[in-house]
Each structure stands twice: as C-alpha cells, then as structure tokens.
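J.: One structure is given below, represented as structure tokens, and several questions about it will come after.
The values are calculated or read from the model by the stated rules, or taken from the named source; none is laboratory data. Note that the coordinates shown come from a computational prediction; the quantities given were computed from them, not determined experimentally. Cβ: placed from backbone, ideal geometry, glycine included. Neighbour counts: every protein chain shown. All accessible areas refer to the heavy atoms of the entire protein, side chains included, with ligands and DNA or RNA removed. Shrake-Rupley method; radii C 1.70, N 1.55, O 1.52, S 1.80 Å.
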Amino acid sequence: MTKSTSRVHPAGDVAVQMQVKRRRLRVATLAAGFSLFALYLAWHAWHDPQSQHQDELPITQAIAQDASSDQAVAVAGPDLVKRGEYLARAGDCVACHTADKSRPYAGGLPIATPFGTIYTPNITPDPDTGIGQWSDAEFLRAMHEGIGKSGERLYPAFPYVEYTRVTDQDVLAIRAYLNTLAPVHYTPPRNDLKFPFNQRWLMTFWNLVNFTEGRFVPDPKQSAELNRGAYLVLGLAHCEECHTPRNFMQGLKSSDRLSGAVQAGWHAFNITPDKNSGIGNWSDDELVSYLSTGVAPGRANAAGPMAEVVTDSTQYLNDEDLHAIVAYLRSVPPVSGGEARPRDQWGKPADDVTALRGQTITSVNGAQLFIANCATCHNWTGQGVGASAPGAYPSLVHNSVAGASDANNLAMVILHGVNRTTKQADVLMPAFGDQLTDDQVAAITNYVTRQFGNPQSTVTVDQIAKLRAQQQ
Ligand code: HEC
Ligand code: HEC
Ligand code: HEC
C-alpha cells in the first residue's frame, strides 16, 4: 500500500492558501523589518551604550552578597556552588547542552527550528571549546541579553527570553557551579540554518519585537510564594518555552500565556487554570506529584519532552518551590481552548473482548493490534496494572493523553515509548516505532481514543508519517 493514493483531501487547497499566506507574511515581515531597523537606529542613538553594563557584577562581589544575605559566617564557596547546582537544575541547562551523556554540558544537541537546525554549544569550563575563558560579565550578558562572547546575537532556541528575568546572584551561582564541572574538549557541529536565518544580526529585529530585557520584578500585592512561583515559571524553569503558543516570528504570545503549544510533534498542553481546557480541576497535590514524579495518578503521566523536564529538572525542586509553581499556575488567566470536558475525564473500560473473537486477523484492526501490543501492560480493559504505585502501567481511561483534543501525544507515545527516571522509579514503556507501520499506529491510536479517550480525536496515516518524521 502506498500513501500517495488520491484521497479526496483538502490538503491541496490548504497548500495553496498556505503559499499565499506565506507570501503575504514574507512581504509583511520585510516591511516590518525595515521599519524596525529605523526604530532600532533611533533607539541606539538615544541609549548610552555604556549604561547597559550595570548588571555586570564580579563574581567575588556576588559571593559576598550571597554570604551576607544567607548566613553571615557561611563559607560562601561550597554553598554558592550547591545553590548553583540547584538553580542549574531548575533551569534544565543539561537537557539542551548534553547530546551524549558521557560528556554532560558539552553541547552538540541538535535543536530543530522552523528555520533549520541549531547545535547547542559546549558550556563546560574547557578554555578552547567551552566557556572557560568567558568573564562573569560575558556570562551574565549571554543569559540576560542573548549576546555571545564576541558580541554576536544568540538565537532564541537558547531561552534567554526567560533567563533575562533571573537575578544576577542566581546567574552567577549557576556560573560558579558550571566552573566546577569537568572541562570537556569538544566542538559541536556548526549550525545548519537557511539564509537569511543564518544572519545573526537579524535577531536584533526579532529581539525588538519578541524580547524584553530585564530582571523579574516581584508584585508587592502578591504573596512571596506566588512571586517565587512566577520567578521560576517565567524565568529559570522556562515553562513557557513549550507551553505558550508562538506568533509567526516564533516569539512567545504572552497574551495566551501557558495555554498550550505543539513543538516537535508533542502537544505541551494548556496548563492555565481553565477547568476544561487546562489544569483547573487538578488538586495542588496532584500538580506537585506530577512535577516531582511525572505521575498525577488517575489523570496524567509525563512522556516525551515533559518526561525529560521531570527527569532532569522538576523532580529536584524542593517542596516550597513546587508549591510556589503551583500557586503561580493557579493565578494565570484561564484560557479556554473550547473543550467541553477535561482531557482526563474521558473514556470507559472496554467490556467486550469477545466481540473480537472469530474476526479475521488483519494487520490494521486497531482493537486487535491493541490486544496484541498493549494489553499485556495496560490490560485489555485499558485500566492498566498496578493502580497508582510508582512505575505502574497506567489506566488509559481518564488519561490526559488519551482524552486530549488531538491525538498527537498518544501517537508519539506509541512511536517513541515513555522513558523517565526519578527517585521513585525507572519508568519505561517500549517504543513501537520500529515495529509498527504508520497505518498500524494510526489504527491503534484511533482505537484508543475511541474506546478509552476522546473519540473526536482521530489521526490519519499521513499525520502519523509526519509525526514520525519529527526530529526528537
Ligand atoms: C531549550 C534549550 C536550552 C536550554 C534549556 C539552555 N540552553 Fe544554553 N543555549 C541553547 C542554544 C541553542 C544555544 C546556542 C544559541 C546560538 O547558537 O545562538 C545556547 C547558548 C548558550 C550560551 C552561549 C554559549 C556560546 O558559546 O555562545 C550559554 C552561556 C548558555 N547557553 C548557558 C545556558 C545555561 C547556564 C542554561 C541553564 C540555566 C542553559 N544555557 C539552558 C539552548 C539551551
Ligand atoms: C521541553 C518542553 C516542556 C517544558 C519546558 C515544560 N513542559 Fe510541561 N509538558 C510538555 C509536554 C510535551 C507535555 C505533555 C506530556 C505528555 O503528553 O505526557 C507537558 C505536560 C505538562 C503537564 C500535564 C498536563 C496534562 O494535562 O497532562 C503539566 C502540569 C506541565 N506540563 C507543567 C509544566 C510546568 C509547570 C513546566 C515548567 C516548570 C513545564 N511543564 C515545562 C512540555 C514541556
Ligand atoms: C511493557 C509494558 C507496556 C506496553 C507493552 C505498553 N505500555 Fe503504554 N505505558 C507503559 C508505561 C510503564 C507507561 C508510563 C507510566 C508512567 O508514566 O508512569 C505507559 C504509558 C502509556 C500512556 C500514557 C502516556 C502519557 O503521557 O500520559 C499511553 C497513552 C500508553 N502507554 C499507551 C500504550 C499503547 C497504545 C500501547 C500499545 C501500542 C502501550 N502503551 C504499550 C507500559 C507499557
């Protein structure tokens, strides 16, 4: 069977519309670019460039500040490094700056963007290939302004849009921790970006529209807990990087903050407090449990990029910070995606395995494929095995992936499995991408959403092929 059989499909129209739209966007971007250039020149002439360096604080001074604000007699060194390690985890630097676990922080991870592939740099203290020769001021400037050592503009695949909110002390604590890492001599591959996106100076325009430089300013009307949560979510923990939708320039649409977005095939769900579309019906404990273990029993499990966030970052946050994050999430304006029911409230157990008996076996019967590939762990009823014990095989009934309004994540979970390591458990669901064809994955996906989840979420074989092609 080939995928190119001429189905009656609106894809042709869509393609034409997209082209027209893209052409219009190109013209609009160009016009915007020129006006912005004029603005930029005016802004530059008006600003005294010298005055921008007020943030640059020698590390010794930061250590002194750190010691005086914490304990007067503390030995600043080890404390600072420990705090830096905690903060580096909160910022999940390791996730992007590690391609090969045997050389952590040495970079080389390909990050797919709509404009091409960016490889993360080496941020170990190696003097030649890492950041060993960077001054603290240069490190602060990178984190706060998105500017590299030689003054070049960094691409926003590096989340400086969020890191700009992090205090000088916290950035310098991270630097102090990075300085203690084993230097790794390794040069990552060169970026593979199409013209004009390989022109770093273009980021000047991007920044004008999509970037506001500046540290987090606490809101005195809000509690210390909520301010701490906002500082983490909007700053170091960069939750918005995945959960906030983007405009046509790939900038964050903060008017729809945390209302969900799709990246590399995965839907980072709406996590605003909307009752149906977001996490409004989760309890505080469920949210804390999800961030620290990857499981909110009976609601959701963390797979894909969120499994990485839990593994590398949120599981290490202390209870205070986790509760602060939850407090902040509750305060965000709820955004409705139009869902009539929460995604973790769909489906019922299958009660009719006998209906399958006596049917001829075909390779694309979703129910049969489910029994053959999934039922050993998730049970033929879909209710899972092991209830809510850590590492249990979860129920697919009332699971946020099966009940989501699109079947992206379900298909991605089948293709790539689940892999998450926490203090509680090594969680592993095998990947079926190598064993199942696109039409088989589509058949299982559609069976699972119809039987255990949101029956309106269906996928086509073409969509599975597209999801499979996404670089992870
Ligand atoms: C979402 C992925 C991502 C995360 C998370 C991330 N970075 Fe990066 N970082 C990048 C990318 C991509 C670049 C390169 C951007 C470019 O080439 O313009 C980069 C560049 C840098 C640079 C500039 C290095 C150079 O050689 O120019 C520094 C310093 C840096 N990151 C530090 C950090 C620290 C510290 C953290 C954690 C607090 C962190 N990054 C987290 C993706 C990430
Ligand atoms: C690298 C991208 C990424 C980052 C960063 C990220 N998330 Fe997620 N998040 C996802 C994806 C993708 C999912 C869906 C996971 C799945 O389907 O199993 C998700 C799911 C969730 C869910 C569960 C929603 C549901 O209904 O199942 C919560 C809660 C959540 N994220 C909170 C956060 C918070 C809080 C942060 C910041 C500390 C954060 N996320 C950072 C990608 C991300
Ligand atoms: C060897 C056991 C095993 C098999 C076989 C298996 N799974 Fe899983 N499945 C798991 C485990 C373990 C998890 C993750 C549990 C967790 O996150 O704590 C999981 C999670 C899931 C989730 C929830 C993901 C999320 O992000 O919420 C879905 C949906 C799912 N599996 C569907 C399937 C389907 C469909 C099949 C058959 C193609 C299948 N599983 C086969 C063990 C298995």
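J.: Per Stokes-Einstein, at 37 °C and 0.692 mPa s, what whole-number D in µm² s⁻¹ belongs to region 224-331, with the Kirkwood radius over Cα pairs as the hydrodynamic radius?
T.: D = 236 µm²/s.
J.: Over all pairs of distinct alpha carbons, what does the Kirkwood formula give as the hydrodynamic radius of region 77-134, in Å?
T.: Details: mean 1/r = 0.0807 Å⁻¹.
It works out to 12.4 Å.
J.: Provide the per residue accessible area, probe 1.4 Å, for region 162-245, rounded to a whole number of square angstrom.
T.: On the way: 4090 Å² over 84 residues.
On a per-residue basis, region 162-245 sits at 49 Å².
J.: Given a cut-off of 25 Å, name the pairs among Lys253/Lys275; Lys149/Lys194; Lys194/Lys466; Lys101/Lys423; Lys275/Lys348; Lys275/Lys466 whose C-alpha atoms lie farther apart than that in the structure shown.
T.: Values: Lys253/Lys275 21 Å; Lys149/Lys194 23 Å; Lys194/Lys466 21 Å; Lys101/Lys423 19 Å; Lys275/Lys348 21 Å; Lys275/Lys466 31 Å.
Exceeds cut-off: Lys275/Lys466.
J.: Mind checking which lysines have their C-alpha under 16 Å from Lys221, skipping anything on the same chain fewer than 8 residues away?
T.: Within the straight-line cut-off, Lys221 pairs with nothing.
J.: Sorted by accessible area (1.4 Å probe), largest first, how do Lys348, Lys253 line up? Let's see the in-between values first.
T.: Working: Lys348 125, Lys253 80 Å².
These residues rank, largest area first, as Lys348, Lys253.
J.: Among Trp134, Trp206, Trp380, what's the order by accessible area (1.4 angstrom probe), most exposed first?
T.: Working: Trp134 50, Trp206 25, Trp380 90 Å².
Largest accessible area first, the list is Trp380, Trp134, Trp206.
J.: A follow-up question, please. Could you work out what % of the accessible surface of region 224-331 is carbon and sulfur, using a 1.4 angstrom probe and leaving DNA, RNA and ligands out of the count? Show your work: numbers first, answer last.
T.: Details: 2000 of 3800 Å².
The computed percentage sits at 53.
J.: Report the Cα-based extents of region 99-197 along its three principal axes, largest first, to the nearest Å.
T.: Largest to smallest, the principal-axis extents are 36, 31, 22 Å.
J.: Work through the residues other than Val94 whose Cβ is under 11 Å from its Cβ and net out their charges, Lys, Arg +1 and Asp, Glu -1.
T.: Net local charge, Val94 excluded: -2.
J.: So for each of 396-405, 447-456, 211-220 I average, over its residues, the number of other beta carbons within 10 Å; can you give me the resulting order with the highest mean first? Walk me through the numbers before you get to the answer.
T.: On the way: 396-405: 24.5, 447-456: 21.3, 211-220: 12.5.
Ranked by mean Cβ neighbours within 10 Å, highest first: 396-405, 447-456, 211-220.
J.: For region 353-469, taking Cα atoms only, what is the radius of gyration to one decimal and the Dmax to the nearest whole Å?
T.: 13.9, 46
J.: Report the Cα centroid-to-centroid distance between region 413-470 and region 259-329 in angstrom, as an integer.
T.: Cα centres, region 413-470 to region 259-329: 20 Å.
J.: Would you mind getting the accessible area per residue of region 268-336, heavy atoms of the protein chains only, 1.4 Å probe, in Å²? Walk me through the intermediate numbers first.
T.: Values: 2460 Å² over 69 residues.
Accessible area per residue: 36 Å².
J.: Accessible area of Phe195, 1.4 Å probe, to the nearest 10 Å²?
T.: 150
J.: Using 0.36 nm times the number of residues separating Asn198 and Gln472, minus their current alpha carbon distance, what extension gain do you get? Working shown, then result.
T.: Numbers: separation 274, 0.36 × 274 = 98.64 nm, distance 2.19 nm.
That pair, Asn198 and Gln472, stretches by 96.5 nm at full extension.
J.: Roughly what percent of Cα-Cα pairs across region 405-472 reach past 14 Å? Display every interim value, and only then the final one.
T.: Values: 1306 of 2278 pairs.
It works out to 57 percent of all Cα pairs.
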